[in-house]
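The values are calculated or read from the model by the stated rules, or taken from the named source; none is laboratory data. Keep in mind that what you see is a predicted model, and the values were worked out from it rather than measured. Every residue, glycine among them, receives a Cβ derived from its backbone with ideal geometry; neighbour counts consider all protein chains shown. Accessible surface is based on the protein model in full, side chains and every heavy atom, while ligands, DNA and RNA are left aside. Shrake-Rupley method; radii C 1.70, N 1.55, O 1.52, S 1.80 Å.
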Amino acid sequence: MAAGAPVEEYPQEIDEQLTTFDSSANAVKAMLEKLMSLSRNDLVQKLDPLDQAKLDLMSVYTLNSLFWMYLVTQGINPREHGIKQELERIRTYMNRVKEITDKKKAARLDKGAASRFLRNALYEPEDKEFKKAASKKSADTPPEGPHRKRPKQS
């Protein structure tokens, strides 16, 4: 600081909190500068519509959160300001996007695979061996019925 400049005094208890806040504010500033340096059109063209919606919601939520913090620093209660309703509205849309994302990730029922799974799960090998034995036995014995040879009549 320059010589003769007034030094602002504040309680030592909040020194650590102020230092943390300052470093967080600087980190946010660096990220915003990086985001603002990118061309929005170039960024949006690379994203599918769902990711575009996520980016837009993240951007507007971040901006409104920063405004919330600004109101706090100015001594205005943000809970009594319109920003609270705006943040709630954005959260509603974020939940909608999350539901859509979850539905995309949800497993789809493959009816053919499910029926094969159930058929194989309910499979009883004794029945199959019994059927094989029965079919083998029927192959060894001559068929009865209309294909039977008639005895010769004299």
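Output the number of the condition that I76 fails; it satisfies all remaining conditions of (1) out of contact with any helix residue (DSSP H, G or I) (no Cβ under 8 Å at 6 or more places or on another chain); (2) not in a loop (DSSP other than H, G, I, E, B).
Against the list (1) out of contact with any helix residue (DSSP H, G or I) (no Cβ under 8 Å at 6 or more places or on another chain); (2) not in a loop (DSSP other than H, G, I, E, B), I76 comes up short only on (2).
Given (1) under 30 Å from K103 (Cβ atoms); (2) open to solvent by 80 Å² or more (accessible area, probe 1.4 Å); (3) of a type outside the set (F, W, Y), where does S65 come up short, assuming only one miss?
Among (1) under 30 Å from K103 (Cβ atoms); (2) open to solvent by 80 Å² or more (accessible area, probe 1.4 Å); (3) of a type outside the set (F, W, Y), the lone unmet condition for S65 is (2).
I'd like the full set of residues that are in a helix (DSSP H, G or I) and exposed (fewer than 10 other Cβ atoms within 10 Å of the Cβ), limited to the range 31-48.
Listed by number, the residues that qualify are E33, K34, M36, S37, N41, D42, Q45.
Any chance you could count how many residues in the range 79-115 are under 24 Å from the mean Cα position of the chain (by Cα), under 19 Å from Y61 (Cα atoms) and not in a helix (DSSP H, G or I)?
0
Going through the range 83-116 one residue at a time, which ones are open to solvent by 100 Å² or more (accessible area, probe 1.4 Å) and modelled with pLDDT of 80 or more?
Residues satisfying the conditions are Q85, R89, R91, R96, K98, E99, K103, K104, K105, K111, R116.
What about K131, is it assigned to a helix (DSSP H, G or I), at pLDDT below 70, of a type in the set (K, R) and more than 27 Å from the chain's Cα centre (by Cα)?
yes
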